[in-house]
Amino acid sequence: MPQLTLYHAAPSRSSIVHWMLEELGEPYDIHLVSFKRGENRQPEYLAINPMGKLPALKHGDAVITEAAAICCYLADEFPQARLNVPVGDPRRGPYLKWLFFGPSCLEPAVSERAFPRKEPPARSALGFGDFDTVINVLAEAAAASDTYLMGRQFTAADVVIGSGLRWGMMFKLIPERPEFAAYVGRLNERPAFKRAAEKDAKLRAVQEKEG
Ligand SMILES: N[C@@H](CCC(=O)N[C@@H](CS)C(=O)NCC(=O)O)C(=O)O
């Protein structure tokens, strides 16, 4: 079985993949990368991810970057964990929609809120449209969700969208609507999320001590 290695800094977007790995239940290693020491900008790491960003995942000889792509890859690569919606299932389309909605709509909308532009471009020019529409679409999905985005089945899409909502509410960039609080509350109760969060708290302490 090829080895899974997560290039990680705690806390960062690689925590999304850390949670996904805990959900997967396959053995994995963590390779800590220090932002403070600029390790993400060193040639050794740039050979893995030329963007100099975390997360990155190695699976045998394969290297995957971009948090949502990694979650999608893991869910498809280990279907026995039932974290994907397989090709041929009519729910695959909505599942992929939510996986892509994370990095293409939710994240840019929240970034725009955190770092507003002096002159906002036309809604039609932005892939995500506008912040309020993104939030309303998500609130509707969260309210309609029968436990998770894909119904009773928890999937990689919940890891991606749930992580974005949790982070956005934590930093007061996303309104704490009851639909979001209830949905993220359910995700926070998952044992795999709790394990990842506990491990991250310890890794954070290690990284802060080491610099
Ligand atoms: N589009 C990337 C973004 C990754 C990203 O921005 N990671 C941040 C940490 S949260 C990072 O590595 N920052 C270090 C830097 O840019 O120097 C993804 O979704 O994986």
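The values are calculated or read from the model by the stated rules, or taken from the named source; none is laboratory data. Since the model is a prediction, treat every value here as computed from it, not as a measurement. No Cβ is skipped: glycine too gets one built from the backbone with ideal geometry, and neighbour counts run over all protein chains shown. Surface accessibility is based on the protein's heavy atoms, side chains included, excluding ligands, DNA and RNA. Shrake-Rupley method; radii C 1.70, N 1.55, O 1.52, S 1.80 Å.
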Every listed condition ((1) out of contact with any Asp or Glu (no Cβ under 8 Å at 6 or more places or on another chain); (2) open to solvent by less than 20 Å² (accessible area, probe 1.4 Å); (3) closer than 20 Å to Glu22 by Cβ) holds for Ile135 save (3)
Would it be correct to say that Ala181 is in a helix (DSSP H, G or I), closer than 25 Å to Leu138 by Cβ and out of contact with any helix residue (DSSP H, G or I) (no Cβ under 7 Å at 6 or more places or on another chain)? yes
Hey, which of the helices (runs of 4 or more DSSP H) in region 1-113, taking only ones fully inside, have at least 1 residues that are more than 10 Å from the ligand (Cβ to nearest atom) and of a type in the set (Lys, Arg)? 92-101
Can you pull out the residues in region 74-97 that are open to solvent by 20 Å² or more (accessible area, probe 1.4 Å), of a type outside the set (Gly, Ala, Ser) and under 13 Å from Thr155 (Cβ atoms)? Asp76, Pro79, Arg82, Pro86, Asp89, Arg91, Arg92, Pro94, Leu96, Lys97
Selection over region 100-130 where residues are open to solvent by less than 70 Å² (accessible area, probe 1.4 Å) and either in contact with an Asp or Glu (Cβ under 6 Å, 6 or more places away or on another chain) or hydroxyl-bearing (Ser, Thr, Tyr) (or both) yields a count of 2
